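The block underneath contains the structure these notes are about, expressed in structure tokens.
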Amino acid sequence: MTLNTETEQKIVASAEKLFYRKGKAGTSMQDIADDAGINRTLLNYYFRSKDQLFEAVFRNAMASFVPNLAAMLNSEMSFEDYVPRMIETVIDAMLENPQIPIFVLQELSSNPERMPQIIKEMGIDSTVAERKMKGEQWKELGNQPDPRQFMLNLLSLCIFPFAARPVVTEILYNGDNDAYIEAMKQRKQLLPLLLKKFMI
């Protein structure tokens, strides 16, 4: 039997939907086979385990934005210009793929070593960002923060509102999803200004 790309994509799409709705632990391989409209034997032919299938789903989710971030980071773009582009790319990816934060948290919980490996394979190198930051002339205007602290702040400010979306929407926006979405879009302009103050 040869692998069929269309069948494989259908399996991954079903797994993504179920992992998002029920979580990795709450989804069985039989659930995925049923949703994809195939038998369990065929599913096992494509993916030997739920963990292997989750990795495929996770890689798909990361592929929606991580390679773009890596390409920009490794370009001649200055770090000062990179920050707003990174924020925009991450927030747009989260708006288009709301399952990403959930998959990240599930992956960190079940297989914490694999996530850094996948991100590095996609071209993200933190030392490049660190070199860019240390080379910026505008950094000489004030105390130089630890670049790692800066990246932690950036990622937290971008991702947390999406990871905690149900709580944020209900508590801060009275359950108004449209207001939440608009607020997240506004963060693309707000965060670069906020973070630049931290840099200088």
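How many residues are within 18 Å of Phe103 (Cβ to Cβ) and surrounded by fewer than 17 Cβ atoms within 10 Å (Cβ to Cβ) when one looks only at the stretch 164-185?
Qualifying residue count for the region: 2.
Basic (Lys, Arg), under 17 Å from Phe103 (Cβ atoms) and not assigned by TED's automatic domain parsing to the domain that holds Phe162: does that describe Lys24?
Values: basic (Lys, Arg): yes; under 17 Å from Phe103 (Cβ atoms): yes; not assigned by TED's automatic domain parsing to the domain that holds Phe162: yes.
Taking the combined requirement at face value, the residue satisfies it.
Take Phe79 and tell me if it is at pLDDT below 90 and either closer than 15 Å to Asp125 by Cα or in contact with a strand residue (DSSP E or B) (Cβ under 8 Å, 6 or more places away or on another chain) (or both).
For Phe79, the condition - at pLDDT below 90 and either closer than 15 Å to Asp125 by Cα or in contact with a strand residue (DSSP E or B) (Cβ under 8 Å, 6 or more places away or on another chain) (or both) - is met.
Quick grid of which residues meet (1) modelled with pLDDT under 90; (2) outside any loop (DSSP other than H, G, I, E, B):
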position	(1), (2)
Thr27	no, no
Asn44	no, yes
Ala71	no, yes
Val83	yes, yes
Glu88	no, yes
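Which numbered condition in (1) surrounded by fewer than 16 Cβ atoms within 10 Å (Cβ to Cβ); (2) out of contact with any helix residue (DSSP H, G or I) (no Cβ under 6 Å at 6 or more places or on another chain) is the only one that Phe54 fails?
(1)
Limited to the stretch 57-69, what total is found for residues that are in contact with a helix residue (DSSP H, G or I) (Cβ under 7 Å, 6 or more places away or on another chain), in a helix (DSSP H, G or I), surrounded by fewer than 19 Cβ atoms within 10 Å (Cβ to Cβ) and not charged (D, E, K, R)?
The total comes to 2.
Being touching a residue at least 60 places away in the same chain (Cβ under 8 Å) and assigned by TED's automatic domain parsing to the domain that holds Leu154 narrows it down to one residue among Glu76, Glu107, Glu88; which is it?
Every option except Glu88 fails the conditions.
Would you please list the contacts, defined by Cβ atoms under 7 Å and residues six or more apart or on different chains, that run from a residue in the stretch 174-185 that is in contact (Cβ under 8 Å) with a residue 60 or more places away in the chain to a residue that is in a helix (DSSP H, G or I) and surrounded by 13 or more Cβ atoms within 10 Å (Cβ to Cβ)?
Going by the 7 Å Cβ cut-off, the qualifying pairs are Ile181/Leu95; Met184/Ile91; Met184/Leu95; Met184/Pro161.
From the residues in the stretch 153-162 that are among the aliphatic types (A, V, I, L, M) and crowded, with 16+ Cβ neighbours inside 10 Å, which one is farthest from Leu95 (Cα to Cα)? Steps first, please.
The initial filter retains those residues of the stretch 153-162 that are among the aliphatic types (A, V, I, L, M), namely 154-155, 157, 159.
So of that shortlist, the ones also crowded, with 16+ Cβ neighbours inside 10 Å come out as 154, 157, 159.
Working: Leu154: 17, Leu157: 14, Ile159: 11 Å.
Among residues in the stretch 153-162 that are among the aliphatic types (A, V, I, L, M) and crowded, with 16+ Cβ neighbours inside 10 Å, the one farthest from Leu95 (Cα to Cα) is Leu154.
I'm trying to understand the selection: among the residues of the stretch 106-124, which are at pLDDT 85 or above and in contact with a helix residue (DSSP H, G or I) (Cβ under 8 Å, 6 or more places away or on another chain)?
Ile118, Ile119, Met122, Gly123, Ile124
Residue check, Pro145 against (1) over 20 Å from Pro192 (Cβ atoms); (2) of a type outside the set (A, V, I, L, M, F, W, C); (3) assigned to a loop (DSSP other than H, G, I, E, B); (4) modelled with pLDDT under 85, all met but one. Which one?
For Pro145, the exception is condition (1).
The values are calculated or read from the model by the stated rules, or taken from the named source; none is laboratory data. Keep in mind it's a predicted model, so treat the numbers as computed, not measured. Note that we place each Cβ from the backbone using ideal geometry, even for glycine, and neighbour counts take in every protein chain shown.
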